Each structure stands twice: as C-alpha cells, then as structure tokens.
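First the structure, in the form of structure tokens, and then the observations on it.
The values are calculated or read from the model by the stated rules, or taken from the named source; none is laboratory data. Since this is a predicted model, take the numbers as computed values, not measurements. Glycine gets a Cβ as well: all are built from the backbone with ideal geometry, and neighbour counts include every protein chain shown.
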Amino acid sequence: MLSSLSRLAAALIALTLPVAAEDAPHPSNWSAVEEAARGQHVHWYAWGGESHINDYIAWVGDTVSERYGVTLTQVKLADTAEAVARVLAETTAGRTTGGAVDLVWINGENFVAMKENGLLEGGAWAEALPNRELVDLDQYGPAILTDFAVPVDGQQSPWGRAQLVFLYDEERTEPPNSLAALAKFAEENPGRFTYPRPPNFIGTSFLKQVLLDTVPDPSVLLQPAGEDSEALVRANMLPVLEAMHPNLWRRGGTFPSSVADLRRLFADGEIALALTHNPSDGEAAIRAGLLPPSVRVAAFDGGTLGNVHFVAVPHNAADKAGAFVVANFLLSPEAQARKADPEIWGDPAVIKADALSTAGAEALNNAPGVAAPTLQEPHASWTPIIERVWAETFLQ
C-alpha cells in the first residue's frame, strides 16, 4: 500500500504529464486512420539543409492538407540526432503521449538508437500502409528490411534511396573507377579531392567505403562490431587515408563541414571530384544554373555504399494518425515521381517503376544514375569506431 507521501508524489507527477490520449488506429484499418488524422497537426522533424528538399516537403504539406485535412509543419534540423535526443528526453521524463515529434526523417545510427531505446512506434505499422504494396522489395529489399544491418521490423517507412557517387566535369576530368584509382588521382592531382569532415554523413560514408574496399572479408562488417573491430579498422582503413591525406585539398589539414561546402568547392573549381549521396545532384545543380552542363556522376566499378532513407513515428507522438497519412502519401506514385524529378529534387524512388504513371516512369528512367552495384551499409555499431579512429588519427 502506498504511503501518503508516495500518493502525493504520484498525484503531482500525474498533474505534470499530458493526459493520455486514445491511441491512433493501426494502419491495417486505414479508413479509421484517415478519419482520426483529419484535423491533426503533424510536426515533421527533418534535415533542413537544402532549399529544394524543404520546398518538396512544403508541397507535401500543401497536398496532405488539401486532401486529408492534415496540417504539416517541417521542424528543420541541422542533425537528426536532435530529434532523437528530444524524444529520449521526453521519454525519460515520463512523457509517453503528446510528444513534440510526430514524424522524423531518419536512418542509420539514429534509427538504431531510437529502436534500441524503445522510442519508435511498433506494431509493424509501416508494413500495413496501403501504399506499402508499391514498394520495390525485389530490388531494394535488403536495404528496406534492414537499416545499417539492423532489422527494421516495420518501425519506419522507406521513401528514398541514396548511393555514394562522385560529381566530375567530363570535359576536364577522368573519374576514378576504384579506390586505388582514386588514390592515384589524388597523387597526380594534389589538392583536387577532399571529403566532408566526419561525423558529417557523407564524410563518414566515405570512410566506410574505404573500409569496405580494404577489409579482407567485407561480410564481417554486417555483423555487430566486436573486440577486434578497432584493430581491423586501423589496419585496413588508416593506411589508405594516411597515404592520401597529404594530397587532399589543403593537404588534409582541414575539411569541408558539409556537402553544400563540398559542392561550392567543386563549383568554384577548387576540387575536381565532389562526393554526394544522390546521383541526381549534378543534374539538379545544372538545371539550377549552379554547375556546367558537362558535369556527370560516376562510381567505383565494384560498387559504392548505398542505403534507403525512411520516416519513423516516435512512440509518444501526439498525432500518429496524421503521421501515418503523411508516410503513406510519401509512397504514392505522385509523390515518388515528383521527388525523383531532378527539377524538383532528384531523389531516387523506392516504389516499382510500373506503379508510376507513364510520365513518372519515364522521369525515373531518364534520371541520372550509375550502373555500379550498391553495397550494403556496415552494421551501425561500426560507425562510432570508424569515426573515433579517424578523429584520433587526423585531428591531433
């Protein structure tokens, strides 16, 4: 039996917590989801570093408002970890409903952190969305069903793809087709290549690419990191980087802080190769008048790192039904075709080409891309090791 002090404490805590709301219907009952979503206000926490992506999200907001009565507000982030930290703080404080984050653009280590801490909506909701049947699991299944080698379990919904590629000007540069060729390019063209400073996502992705290309058995990277993992990273990744760094932009003494900075260096002619995770970035920049029409994309013949990006619903989201509606709309042929258009964004689709309209399928087929294989991301537990080893070695 509770003491009077305990009862008083429990009462005070109850007063400080939001009143428990009726949970959203499961997406398997879609008509109930749409009914519950009408009038809800979804706060979508999403990276806000590119104006054309923000414009696309604004279009999504206008469309779901008109069709489903859902208000969508983008909360622009510099780093997705900000959203993870907010949900974790709310959960630690006991806020199990009425959370600030309704939807979050997420993948990789941030997804794994949320999943491991029980911060995500369960019930395999993403697999029950009506438009889930359009998703191309035949082509992209491994990257959709696992994220950084961790099972997704229907706790996030895919909406785009990425693959590490190089931008180059075909009138001036012959792109490298392997890691060895890249090292040779850097040696023969000192100062003309660099990568963003980790833990920037592209910078860390480049480190992973180096490791994938140098470790004797790449399949070990799909398993959780073990006691010998740091030694493996040091023995395979570091020799390549230590040889390459003196030939980088500013002799590897400093690094661009973002992809946007990297692209500016490329546009200004300071570097001849610029990494990006979107094969359509070059085409979009050309159409915007930011890069010359001779810019192309290339990848290593043996393949480059790729992944899928997702949206997830926190377990304590205030307006889950509205978030489900937005996630489902993002998988619609209309939204996927618009997103894939280089004039809008150029982000590759995750749905089947035959699910699109003729115009949408043609836009996807004509979108820039590379023929190189897509390599799976290492298990999320390797990321902090890779970043720490890099920082201890090159940030002295």
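Some observations on this one:
- Wholly within region 312-391, helices (runs of 4 or more DSSP H) carrying at least 2 residues that are at pLDDT below 95: 333-340, 358-366
- Residue within region 178-197 that is more than 15 Å from the chain's Cα centre (by Cα), among the acidic types (Asp, Glu) and within 19 Å of residue 378 (Cβ to Cβ) present: no
- Residue that is nearest to residue 342 (Cα to Cα), among those in region 276-297 that are small (Gly, Ala, Ser) and surrounded by fewer than 21 Cβ atoms within 10 Å (Cβ to Cβ): 288
- Among the residues of region 31-63, those identified as modelled with pLDDT of 95 or more, within 25 Å of residue 111 (Cα to Cα), surrounded by 14 or more Cβ atoms within 10 Å (Cβ to Cβ) and not small (Gly, Ala, Ser) are 33, 40, 42, 43, 44, 45, 54, 56, 57, 60.
- Among the residues making up region 70-120, those that are charged (D, E, K, R) and buried (at least 20 other Cβ atoms within 10 Å of the Cβ) are 90, 102, 109, 115.
- Residue within region 137-148 that is within 19 Å of residue 162 (Cα to Cα), buried (at least 17 other Cβ atoms within 10 Å of the Cβ) and of a type in the set (Gly, Ala, Ser) present: yes
- Across region 149-176, the qualifying residues are those that are surrounded by fewer than 15 Cβ atoms within 10 Å (Cβ to Cβ) and either in contact with a Lys or Arg (Cβ under 8 Å, 6 or more places away or on another chain) or not basic (Lys, Arg) (or both), and the one among them that is nearest to residue 96 (Cα to Cα) is 151.
- So residue 278, is it at pLDDT below 95 and of a type in the set (S, T, N, Q): yes
- Criterion violated by residue 354 - all others in (1) without any contact (Cβ under 8 Å) to a residue 12 or more places away in the chain; (2) at positive phi; (3) in the same structural domain as residue 50 (by TED's automatic domain parsing) satisfied: (2)
- Restricted to region 133-177, and to residues there that are under 24 Å from the mean Cα position of the chain (by Cα) and of a type in the set (S, T, N, Q), the residue that is modelled with the lowest pLDDT is 139.
Quick grid of which residues meet (1) surrounded by 12 or more Cβ atoms within 10 Å (Cβ to Cβ); (2) of a type outside the set (Asp, Glu); (3) under 22 Å from residue 346 (Cα atoms):
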| residue | (1), (2), (3) |
| --- | --- |
| 234 | yes, yes, no |
| 237 | yes, yes, no |
| 240 | yes, yes, no |
| 250 | no, yes, no |
| 262 | yes, yes, yes |
| 268 | no, no, no |
| 274 | yes, yes, yes |
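- Residue selected from region 78-111 under the condition of a type in the set (A, V, I, L, M) and modelled with pLDDT under 95, by the criterion nearest to residue 384 (Cα to Cα): 81
- Any pair with Cβ under 9 angstrom, 6 or more apart, that starts in region 122-146 at a residue that is within 20 Å of residue 26 (Cβ to Cβ) and ends at one that is surrounded by fewer than 21 Cβ atoms within 10 Å (Cβ to Cβ) and among the hydroxyl-bearing types (Ser, Thr, Tyr): 123/28; 125/28; 128/28; 131/332; 134/332
- The helices (runs of 4 or more DSSP H) found entirely in region 187-306 that carry 3 or more residues being touching a strand residue (DSSP E or B) at 6+ places or on another chain (Cβ under 8 Å) and not assigned by TED's automatic domain parsing to the domain that holds residue 346 are 201-214, 259-267, 281-287.
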